Amino acid sequence: MLHKNLKPFPKDFLWGASTSAYQVEGANLEDGKGPSVQDVKVIPEGTSDLTVCADHYHRYKEDIALMAEMGFKTYRFSISWSRILPNGTGEVNPKGIEFYNNVINECLKYNIEPLVTMFHFDLPQALEERGGWEKRESIDWFVNFAKVMFENFGDRVKYWLTINEQNVLILSGDIIGTTKLTGPDKYKSLYQQNHHMLVAQAKAMALCHEMVPGGKIGPAPNISLAYPASCKPEDQLAAQNLNAIRNWLYLDMAVYGKYNNLAWAFMEERNATPVIEEGDMEILANGHPDFIGFNYYSTATVKWCPENIEETFGHDQQKTRMEPGVYLGAANENLPHTDFGWEIDPMGFRATMREMYSRYRLPMIVTENGLGAYDKLTEDGKVHDQYRIEYLRKHIEQIKLAITDGVEMMGYCPWSAIDLISTHEGMVKRYGFIYVDRDEFDLKTLDRYRKDSFYWYKKVIASNGEDLSD
Ligand code: BG6
């Protein structure tokens, strides 16, 4: 739809950016922190470990001051479960509480609204050893962790996100180092884990409303609208299949407390329907989100997939997705790629926002969106990341169009506030507005530098999204 006049961003629009604890903090076994699954995973060859990352644990003051300089209205960060509860349950680590109190207070000092992700890919290893999310007790473990967070931080943190990319944890856990399941029972296990996370999330949402005065909470899946590769009817069915399994399963549950019918049929086919205990459906129906947080990087394109196709490649970004008899990933020839092969689709962002809003009618905040690139620090301390500016500009333009379409958008937090370690492609894949002077293995000075995108985003925020020019 072409609009003659575009609506402005709301006055209180939450401009900011995101990070996650295990990717940015470092100090991964310092001050009483227990190991998480990320600390013990096999590190992909050629990438560094998580002991230092961006050293945010020791430099959060400098980092938050830079965010304030950009004019952030919010900072989305995650709380490391095993920094707060080294064993996942039991003893609380006072140093962990102190660290996040400091981060929260530092944000508030600059009027930056903390937006806290409760869980971002880093289950305490002690809980993994007890069976992880597959165990029914995982619901209680998470709710207990939520309670500790609400008790300690709920007086100041009003915006909460439950589980980062639960759908990616289930569909691509092998890539991000959280699940290594193979074999015929893998689906059964994955969808049981999924069910436990969904119940845990619903309970945490209800608890937030009980314990945090004025608290608002929502999920944070990664939503990618799936396109059919052609107008063949069977490709349209394949796109509906992927949309159901990848997107709507998670949001139908978070918002309506109901299993998506197509996703349920898929689980039935795979003999993977979860064990649902008495009372679960009631809990799920009672966990109401106040908003939807979602990460968007690109769309997906799929075509019909025959049943007897060899599963030669697993779930990966874009073209390597497949499920025999359900959908087969296809490249979208209309889209350019990042240096790391991810398709770039700003218009698909608008399509995704429109579709989500028409299904759920809740305010939405973008909790991730961004471009991973090989940035270069020049000798005079500059980073000319015009490609990132282009990427972000095109996506912000689409938010404005979506707002004009009638979609209720409450904020934008690109990935990432500062350079950090990628899920599986190391430090060389940078996303930040702030450059961190280190290489994959050489820690160098760890000094911070403002990239060109830093100054550009500052101007965008100062004009509340009206000035997107260079
Ligand atoms: C999201 C995750 O999937 O994408 C982040 O929530 C991640 O943790 C980001 O870093 C970018 O992915 P990657 O693989 O490039 O680090």
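The values are calculated or read from the model by the stated rules, or taken from the named source; none is laboratory data. Note that the structure is predicted; figures quoted are calculated from it, not measured. Glycine gets a Cβ as well: all are built from the backbone with ideal geometry, and neighbour counts include every protein chain shown. Just so you know, the surface numbers come from the protein's heavy atoms only, side chains and all, with ligands and any DNA or RNA stripped out. Shrake-Rupley method; radii C 1.70, N 1.55, O 1.52, S 1.80 Å.
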Condition check: touching a residue at least 60 places away in the same chain (Cβ under 8 Å) and open to solvent by less than 60 Å² (accessible area, probe 1.4 Å). Does Glu440 satisfy that? yes
When you scan the stretch 359-375, how many residues do you find that are more than 14 Å from the ligand (Cβ to nearest atom) and touching a His at 6+ places or on another chain (Cβ under 7 Å)? 0
Matching residues, the stretch 159-174, being of a type outside the set (A, V, I, L, M, F, W, C) and assigned to a helix (DSSP H, G or I): Gln166, Asn167, Ser172, Gly173, Asp174
Listed residues Asn194, Asn243; which is closer than 26 Å to Glu128 by Cα and either of a type outside the set (A, V, I, L, M) or touching a residue at least 60 places away in the same chain (Cβ under 8 Å) (or both)? Asn194
The stretch 88-117 - residue that is in contact with a Leu (Cβ under 8 Å, 6 or more places away or on another chain), polar (S, T, N, Q) and surrounded by fewer than 23 Cβ atoms within 10 Å (Cβ to Cβ) and, of those, nearest to Asn28 (Cα to Cα): Asn93
In the stretch 317-358, residue nearest to Tyr374 (Cα to Cα) [restricted to those that are of a type in the set (Phe, Trp, Tyr) and within 16 Å of the ligand (Cβ to nearest atom)]: Phe340
Among residues of the stretch 180-197, those that are buried (at least 19 other Cβ atoms within 10 Å of the Cβ), out of contact with any Pro (no Cβ under 9 Å at 6 or more places or on another chain) and closer than 30 Å to Gly370 by Cβ, counted: 2
